[in-house]
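Since the structure comes first, as structure tokens, the remarks are kept for the end.
Here, each number is a calculation from the coordinates, and none is a lab measurement. Keep in mind that what you see is a predicted model, and the values were worked out from it rather than measured. Virtual Cβ from ideal backbone geometry, glycine too; neighbours counted across all protein chains shown.
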Amino acid sequence: MHLLLNNLNDKELLLRIRKLQDREAAGVLLDRYSHLLVATSLPRLGPEKSAEEAFPALTRQLFTRLQSSYGKVSDTIYEMVQYYFHGGSKSPLPYPPSSPTAIQRLENRVDLAGNNPIEKDTIASRLEEGLNTLQPEERQLVTRFYLEHQSLQELAKAQHTTTDKVRNHLRQIRKKLAAHLMDQHL
């Protein structure tokens, strides 16, 4: 089973952890990101926080955090390590689980749609309505990135801007679309 779980992406593993309380999926993620945990922690180790003390505590916190985590595992690890070494707390959850954003709720809804054609059609039609609410340049950016598969570099070059600005603009558009779709009680 462990080998099969290794083939799943992070999002699918997180879904298994949240919905099925799958400890083996959590183990795969912990194994997958252990190098990042070590790399972000090593520079902060010292006399006040030793490796023998820090790594077991961080691993327990990460395991607990994964059970309610949305988003990127790498971001979760980085925030958790920052808090552990700068906050001085050894609590199992250094900060309360954040409520999912509109994008995360929508992604979860799409995941739950699975093979249900009626639910998928509903989501697709609402997404089309949401796209029609965008400004023409926003719609063009979304189309070029998601449908025509142009890279961020190509889009930035065409707009005479940086890839970071294009990435941020796409993120804002996704948030706007997700908020619009969630407002319609999708």
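For the stretch 48-54, the Karplus equation 6.51 cos²θ - 1.76 cosθ + 1.60, evaluated at θ = phi - 60°, returns couplings of 7, 9, 8, 4, 5, 8, 6 Hz by residue, with Gly and Pro reported as x.
Rounded to the nearest 20, the size of the Cβ-charge dipole of the stretch 19-59 about its Cα centre is 160 debye, with Lys and Arg at +1 and Asp and Glu at -1.
Rounded to the nearest 20 debye, the dipole magnitude of the stretch 102-183 is 300 debye, with +1 charges on Lys and Arg beta carbons, -1 on Asp and Glu beta carbons, and the Cα centre as origin. Sorted from longest to shortest, the spans of the Cα atoms of the stretch 141-186 along the three principal axes equal 37, 19, 10 Å. Projecting the Cα atoms of Leu20, Ser34, Phe63 onto the charge dipole of the stretch 2-87 (Cβ charges, centred on the Cα centre) puts Leu20 farthest toward the positive pole. Taken over the Cα atoms of the stretch 2-87, the convex hull encloses 85 Å³ per residue. What you get for the stretch 2-87, charging only the Cβ of Lys and Arg (+1) and of Asp and Glu (-1), is a dipole of about 240 debye around the Cα centre.
When each of the peptides 137-143, 5-11, 60-66 is scored by how many other beta carbons lie within 10 Å of its residues on average, the order from highest to lowest is 60-66, 137-143, 5-11.
Along its first, second and third principal axes, ordered by size, the stretch 102-183 spans 41, 23, 20 Å in Cα coordinates.
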